[in-house]
1. Being in contact (Cβ under 8 Å) with a residue 40 or more places away in the chain, surrounded by fewer than 22 Cβ atoms within 10 Å (Cβ to Cβ), assigned by TED's automatic domain parsing to the domain that holds residue 395 and under 29 Å from residue 13 (Cα atoms): is that true of residue 367 here?
2. For region 419-426, state whether one or more residues are touching a helix residue (DSSP H, G or I) at 6+ places or on another chain (Cβ under 7 Å) and modelled with pLDDT of 95 or more.
3. Could you check residue 308 against (1) outside the structural domain of residue 392 (by TED's automatic domain parsing); (2) in contact with a strand residue (DSSP E or B) (Cβ under 8 Å, 6 or more places away or on another chain) and say which number it fails?
4. Could you list all residues from region 102-115 that are at pLDDT 95 or above and over 16 Å from residue 8 (Cβ atoms)?
5. Is it the case that residue 440 is within 22 Å of residue 187 (Cα to Cα), touching a helix residue (DSSP H, G or I) at 6+ places or on another chain (Cβ under 8 Å) and not in a helix (DSSP H, G or I)?
6. Output the residues belonging to region 328-346 that are buried (at least 20 other Cβ atoms within 10 Å of the Cβ) and in contact (Cβ under 8 Å) with a residue 60 or more places away in the chain.
7. Go over the candidates 433, 405 one by one and state the one that is more than 13 Å from residue 252 (Cβ to Cβ), touching a strand residue (DSSP E or B) at 6+ places or on another chain (Cβ under 7 Å) and at pLDDT below 95.
8. Of the numbered conditions (1) in contact with a helix residue (DSSP H, G or I) (Cβ under 6 Å, 6 or more places away or on another chain); (2) at positive phi, residue 435 fails exactly one; give the number of that condition.
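The values are calculated or read from the model by the stated rules, or taken from the named source; none is laboratory data. Just so it is clear, the model here is predicted, and its values are computed rather than measured. For neighbour counting, all protein chains shown are included, and Cβ atoms are generated from backbone atoms with ideal geometry for every residue, glycine included.
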């Protein structure tokens with residue numbers, strides 16, 4: 001039996017039955033079995049696990065088409081064997097259908113009974129790559145309420161997420177595009193640590209380490225890499241020459257526009273990607289206080305800062321939603337990268353689709369507003385605050401900020417167009433700018449989805 005597929009199956013089973021996080025479980029399984037796996041095995045396990053998690057709804061629709069047994073009645077082991085086999089047949093070009101079918105049947109022999117082996121074999125042989133691919137590539141919308149269900153089934157997006165985007169005023173074609181872009185394989189982007197090295201020097205070192213560079217990033221300090229396994233094992237990473245970070249995740253630090261000797265608060269800082277970028281932009285001169293509610297996550301910020309050679313970050317275990325008088329009007333600038341539903345990063349974390357529910361939206365909104373109300377009191381008069389999320393729902397973003405401004409007349413929005421044109425030598429992000437004040441980036445071929453705005457405290 002193929003070891004990679006067996007491990008992938010066990011991960012998928014646990015993700016579904018135990019609501020485990022895909023990335024954590026995947027890393028754990030790979031590390032435990034490292035001696036028995038080569039890079040090709042590791043790549044296949046990752047491909048299958050993320051692929052099935054991403055396309056679960058669509059794959060289940062294919063199963064329903066050929067199965068006389070309802071999905072809920074199928075053994076969880078056999079169901080996940082069907083899912084991982086169908087994913088290979090429909091979505092992976094380098095694996096012959098015969099191999100996918102044979103390995104699926106072999107798994108069924110171990111995790112099922114004689115009847116389920118025949119059941120698995122019969123369904124897998126009926127699945128046709130060209131037929132299923134054609135349906136996904138040629139989605140036809142009717143411009144009516146049925147469109148939402150079509151989008152859900154063809155892009156494997158939970159219907160509640162689609163309905164929320166509809167409530168935000170997006171048309172069906174826009175929603176389809178966002179859902180499709182949520183399924184594409186994300187770029188691997190890294191941020192150059194300019195405290196130690198410049199981009200050209202880092203590119204030379206990466207070339208020496210046999211790392212393939214795909215292209216320069218949209219942002220000056222970023223490089224897009226080709227597929228790579230074990231990036232944290234590179235000497236260049238261990239030596240703190242770069243940080244793995246999506247480009248959009250670097251934007252809040254740029255828009256905050258930190259200056260040397262500023263006193264800055266990052267209120268929800270872990271794991272430290274944005275915190276350390278702020279420090280790099282400040283040339284490691286000034287003071288950054290980094291909050292997080294969990295001690296083990298605060299340690300991640302400290303570890304990242306140490307690796308990168310940064311010493312201006314002070315960490316503290318603190319709940320950013322609870323007011324502390326000692327911080328009143330203490331900071332020149334504040335970054336609020338608040339907890340969110342994460343709907344903008346589904347292509348990196350597809351299990352979010354299945355773990356988050358519609359009712360979570362109200363709860364996360366309240367937490368976001370509590371953090372904003374609390375931390376806004378820590379800003380000096382004339383100070384600036386950047387609010388950002390990796391979500392794309394207006395209730396977490398624009399609507400929340402507008403509500404805050406209505407109740408806090410001493411705050412005003414800052415025009416982001418001038419900052420973007422001054423700080424970024426690329427027009428890409430300008431197309432996502434709304435009313436010059438809200439940067440609403442929906443997931444696309446280049447980046448994750450994100451929201452950013454900037455407030456100034458007037459008095």
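1. In short, no.
2. The answer is no; no qualifying residue exists.
3. (1)
4. Once the filter is applied, which keeps residues that are at pLDDT 95 or above and over 16 Å from residue 8 (Cβ atoms), region 102-115 yields only 109.
5. Yes.
6. Selection gives 331, 333, 334, 335, 336, 337, 338, 343, 344, 345, 346.
7. After ruling out the rest, the residue left standing is 433.
8. Going through the list (1) in contact with a helix residue (DSSP H, G or I) (Cβ under 6 Å, 6 or more places away or on another chain); (2) at positive phi, residue 435 breaks only (1).
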